[in-house]
Every structure is written in C-alpha cells, then in structure tokens.
C-alpha cells in the first residue's frame, strides 16, 4: 500500500510557525508607527537619529545569523526560538518604558541581535519537516507573517497610539511574544521522529523522502566551502539589494503617507495596510505556482523588476498626485514580497543539509545589512531632500540590480523529480 506524506504537518506546524514569525515582525516594524505617532517629538529625536534608530535593528540582526542556523541544525531550533521569543518580547516592551535615547539605541540593536537567529532557525526547522516540492509554500507561510503582520499592525498600532499613546503601543505589542514562547515549546518538535502525533509509518515515510532528496545533492564538506559557492555569493548580493527596497519601504511608508494633506495617524494606519494585503495574495499565488511547476527563478526576478518600475514611476510622479503615487507604492509593495517563498526554496535544493542552513543564514545576514542600509538611507534621503523622490529612485535601482543578479545566479534544472518518484525511490 502506497504511503503518502502526512498532511497533519500543515495543520499542526504552519500556524505555529506563522504566528511566531508574525510576532517577531511586529516587534521590529512597529518603530515606524512609534516615530510617526509622537515618539520622535516627545523624546526630541532628530530626523537623523530617527533614521539610525529605525535601521539599527538590522545592524544587530546582521551578526548572529550563521551561529543561529548552526545551533538550530546541530542542537535545537525549538530551544533557540523559545528563548528568543522571551528575550525579544521584553526588549520590545522596554522601548515603551524608556525616555533615554542612548538606551533606545541599545534596545533596538539588541532586539536585532536576539531576532537574528529566528529566520535562519525557522528555515532550518521547516527543511526538517517539508520536502522539496512543498518547501516554497512552507517558506511562504513562514514569511507571510511579515506582510500579514504589517497589515493588521498598521491598523492596530494607529488605534493604540491614538487611544493610549506610543509607549503603551510598544508594551502591548511586546508582551505577547513572551506568552507565546510557552505555547511554541508545547506544540513543536525539532524532528519528525520526536513527534508523538505522527504514526511510525508517517515518520519513516517522511524520513525516507527527505533522505532521498539529500542523496541527489552534491556533497559539500563545510560552511567555508559552501560560502565560496558562486550561487551563494550572488544570492547574498541579490538579497542585500532586494532588502534595501523592502525595508526602506516598510519602515518609512507610514511617514510617507502621514505627510500627505489632511492625514492623521488612524488614516495612515489604514492606508499603510493596503500594500500588505496585495503582498499576502501575491505571495500565496507565487509560491503555489512555483511548487506546482517546480521552478524558482521565473517566480523571483520578474516581480523584483515590477517593483523597480513601480518605484521609478513613483519618482516620475513626484508630488503631483498623492493617490497615483500611492497606487504605485501598493504595486511595489506587493511585487517585492511575492518572491520570498520561491527564493528561500533555492538554497536547500542546491546544497546539502549540513551546510544549507548556514548558507541561508549568510544570505539572510547580507539581507539584514541591506535592510540597515535601506532603512537608514531612505530616512536620510527623505530628510535631506524634503521629499520622497530620491528615496524612490534609490529603491528602484536596488531592485533592478537585484532582478538582474537573480537571472544570473539561479540555474534551473531541466528535469525535477516529482515527490511521488522520490517516495518510490526512498522505499
């Protein structure tokens, strides 16, 4: 009798993964609302300092990606993320409790350090549970926590600031991570073999399929060899440039919208949510068709190119029409988010398990550096020029280069083995 892969993994693990990364993203992205909602004025934070505070998270986020992935692969992703949830929840709430700008700088940096292990740890975790043909969708449900969180956070944060102030917004949005840590610990297992909710046959089938997939990948001895790979180097540069656009957009969209005539913080929250609604739809569609066709590259670079063109069009529109510029920003936001699932499915398909987590962490590290550059320079350009045109152009060029590098870096295999064939080979 043919044994199929257990469907219970999707219902058991994906909601937990989604919520966990959503909480991480909530506590890194709500600074933009705090800054637009009175924090900068109350603490006498200059525009230059506000740019540094917004972007400093990503400098901390840069440092511990590879160690986090290594710990998740060799020790335990479950334990790593449990402690990260608790620590980052208290750090995020602490931002609402201080009036000292120097302490704020430390808190933002340390928040980045603690959260730096989450993304690579989660990608390693998912690679232990989902096969090649499922991975783009699994990754998408993880990263979907990003736009989906900003979607509701934009509305909720606007109301919280309006009702109780920016301080309580940070506190109210920080504490859930601490509570969720214990739910995470109760619900997940590092490996299928440890899951009491799977039958022995289901465990063996999943184990055999994952091992058969690994057998088809060229061995790589260690991280040093993997990091010298042309594909890993190019994808790291690509993700650096891509992240400039994404986080320049995420952190400063509330300020861009709030600067429009007759705008208040509640309206800003509702309008800021719209691009992320499109992002959620596009991410789900992109990952579905990427897995169905077993193609990655055609579901990455075209969307980055669309994002680049939308930002460039926003630059051309300038201040002549807020609503036309806003529609273009909606398109840019959706297009930038769409390829995440297929993109993070690339590395586990070209590198073996012993180094794939480290390689993804290296790529994500460069993405964090790009996020720092994007968040800081976009804020700086907005302040220095008194408008948003220069930052639109900057993000457009970054995304265009990212699209070009994707076309060069990713080599699609002409024939991809179907999961059913792998199941038969694994028996």
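Using C-alpha pairs below 8 Å separated by at least 6 residues, the relative contact order for the range 11-122 is 39 percent. Remark on the range 17-152: ratio of C-alpha radius of gyration to 2.2 N^0.38 Å is 1.12.
Given the options 361, 310, 48, which has the most mean-square fluctuation in a GNM of the chain, springs set between C-alpha atoms less than 10 angstrom apart? Greatest mean-square fluctuation among the candidates belongs to 48.
Packing, taken as the mean count of other beta carbons within 10 Å per residue, orders the peptides 337-346, 192-201, 107-116 from highest to lowest as 337-346, 107-116, 192-201. Sorted ascending by nearby beta carbons within 10 Å, beginning with the fewest, 320, 8 become 320, 8.
Quick one: order 406, 205 by neighbouring beta-carbon count within 10 Å, fewest to most. Arranged by neighbour count, lowest to highest, 406, 205 become 205, 406. Using the average count of surrounding beta-carbon atoms within 10 Å as a protection proxy, the listed peptides 70-79, 363-372 rank, highest first, as 363-372, 70-79. Taking square-rooted eigenvalues a ≥ b ≥ c of the alpha carbon gyration tensor, is the range 34-108 rounded, prolate or oblate, where a/c under 1.5 means rounded and, failing that, a/b exceeding b/c means prolate? Prolate is the answer for the range 34-108, as a/c is 1.5 or above and a/b outweighs b/c. Using C-alpha pairs below 8 Å separated by at least 6 residues, the relative contact order for the range 291-355 is 45 percent. A Gaussian network model of the chain, with springs between Cα atoms under 10 Å, assigns the largest mean-square fluctuation among 382, 258, 100 to 100. Taking the C-alpha atoms only, the angle from helix 340-350 to the longest principal axis of the chain is near 40 degrees. Rounded, prolate or oblate: which fits the range 329-380 when a ≥ b ≥ c are the square roots of the eigenvalues of the alpha-carbon gyration tensor, with rounded for a/c under 1.5 and prolate only if a/b beats b/c? Oblate, since a/c reaches 1.5 and b/c is not below a/b. Annotation: peptides 49-61, 153-165, ranked by per-residue average of other Cβ atoms within 10 Å with the highest first, follow the order 49-61, 153-165. From helices alone, the chain scores -26000 deg cm²/dmol at 222 nm; the rule is -39500 (n - 2.57) for each run of n ≥ 4 DSSP H residues, then divide by the residue total. Normalised by the number of residues in the range 8-426, the mean separation of alpha-carbon contacts (under 8 Å, six or more apart) gives a relative contact order of 27 percent.
Among 118, 408, the ranking by other beta carbons within 10 Å of each residue's beta carbon, starting with the fewest, stands as 408, 118.
Throughout, read-outs are computed from the coordinates displayed, never taken from laboratory work. A quick note: this is a predicted structure, and the numbers were derived from the prediction, not measured. Positions of Cβ are generated from backbone atoms using ideal geometry, with glycine treated the same way; all protein chains shown enter the neighbour counts.
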